[in-house]
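Since the structure comes first, as structure tokens, the remarks are kept for the end.
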Amino acid sequence: MTITYATLDQFYDEQPSPNETNVTAATVQKILEYGQEVVSEFTQSVGFEFAPRIVTKYRKVTDTIRRGRIRGDLLYLDEPLLAATTVTLGDATVLVEGTDFRLFPNDETPASALEMINTALAWTARIDRTSRIAIVGEWGWRRNYADAWIDSTDSVQDVSVTAEQTTITTTNADGADGRGLSPRFSPGNLIRIDSEFMSVVSISSETLTVVRGVRGSTAATHTNDTQIDVFIPEGAVVRAAKKQTAFKLAKAGHFTRVSFDGAVITTMPDVLPEVTKLLNSIDFFVLGGV
């Protein structure tokens with residue numbers, strides 16, 4: 001786990017009097033560690049992630065039929081899907097998005113099902129009882145996923161980047177991104193170069209230190225002047241992550257609290273009630289159908 005839903009600079013924005021110049025390196029490390037813990041806690045709370053992860057998921061055809069996950073032209077999913085890379089039926093037929101199937105509902109993200117639109121094909125196709133449907137895609141929850149990746153307005157400045165290299169040189173790490181917001185990069189960011197995902201660990205001048213090939217992607221070589229994109233999580237998720245990270249930092253070492261009348265001692269909550277309310281406010285859909 002190397003990304004945070006709220007970056008270091010977004011965390012500073014949550015503070016009443018932000019002054020990152022006075023924050024020690026040890027505190028920065030704690031902020032990022034707590035931010036990563038928040039990613040895990042949110043996943044445990046809702047059952048899926050709020051950032052893309054490249055995974056191949058298999059659905060045994062006979063089990064999928066038995067569980068009622070195939071209903072007419074719809075194949076219901078167990079997790080929200082952001083993008084389908086390759087879909088293969090149980091009889092080894094490789095489907096083409098837009099010709100054979102589309103995301104459901106309304107060809108939008110996040111998808112709760114795949115809809116077969118080629119009337120000559122069926123989700124139930126299989127060779128034998130062990131046949132499986134394979135779905136290679138980017139899984140996670142984010143509305144309007146096509147808009148979630150923004151142009152940083154920066155690019156690779158190295159002559160070339162090897163698959164093993166852990167630093168990326170940019171033109172202006174503190175500059176404005178494609179939305180006009182700065183800084184364009186911050187520790188905790190999930191960035192994309194070509195099809196590879198990387199997480200930003202730290203920034204020194206114009207150099208990003210990154211973890212390569214994260215979230216199911218593969219480390220690869222990249223050429224000079226290749227565009228760098230930045231993933232922007234859902235706004236409500238960012239707000240919740242900022243608040244929960246700040247709460248974890250503030251309560252570190254404190255395990256009890258006293259009620260307002262000073263008479264009752266209660267255990268400190270693990271999650272801020274306000275964060276729970278924010279997460280519950282997100283417009284989730286019902287996975288697996290209604």
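Assorted remarks:
- Boolean, Y76 is within 25 Å of the chain's Cα centre (by Cα), of a type in the set (S, T, Y) and surrounded by fewer than 15 Cβ atoms within 10 Å (Cβ to Cβ): no
- Residues in segment 83-109 that are hydroxyl-bearing (S, T, Y) and either over 12 Å from R132 (Cα atoms) or within 20 Å of the chain's Cα centre (by Cα) (or both): 4 in all.
- Subset of segment 236-253 that is of a type in the set (V, I, T) and within 24 Å of A146 (Cα to Cα) - its residue that is surrounded by the most Cβ atoms within 10 Å (Cβ to Cβ): V237
- When we screen I135, I127 for residues that are touching a Lys or Arg at 6+ places or on another chain (Cβ under 7 Å), among the hydrophobic types (A, V, I, L, M, F, W, C) and either surrounded by fewer than 20 Cβ atoms within 10 Å (Cβ to Cβ) or not assigned by TED's automatic domain parsing to the domain that holds I193 (or both), the only hit is I135.
- For the condition in the same structural domain as L208 (by TED's automatic domain parsing), in a strand (DSSP E or B) and farther than 22 Å from S217 by Cα, T171 does not qualify.
- Test: residue in segment 159-176 that is in contact with a helix residue (DSSP H, G or I) (Cβ under 6 Å, 6 or more places away or on another chain) and at pLDDT 95 or above: no
- Selection status of Y58, exposed (fewer than 15 other Cβ atoms within 10 Å of the Cβ), among the aromatic types (F, W, Y) and not assigned by TED's automatic domain parsing to the domain that holds M198: yes
- Index of the failed condition, A250 passing every other in (1) in contact with a Phe, Trp or Tyr (Cβ under 6 Å, 6 or more places away or on another chain); (2) without any contact (Cβ under 8 Å) to a residue 12 or more places away in the chain; (3) of a type outside the set (K, R): (1)
- Condition check for A83: closer than 29 Å to T2 by Cβ and aliphatic (A, V, I, L, M): yes
- Qualifying residue in segment 217-235 (condition: modelled with pLDDT under 95 and either assigned to a strand (DSSP E or B) or surrounded by fewer than 16 Cβ atoms within 10 Å (Cβ to Cβ) (or both)): yes
The values are calculated or read from the model by the stated rules, or taken from the named source; none is laboratory data. Since the model is a prediction, treat every value here as computed from it, not as a measurement. Counting neighbours? That spans all protein chains shown, and the Cβs are built from the backbone with ideal geometry, glycine included.
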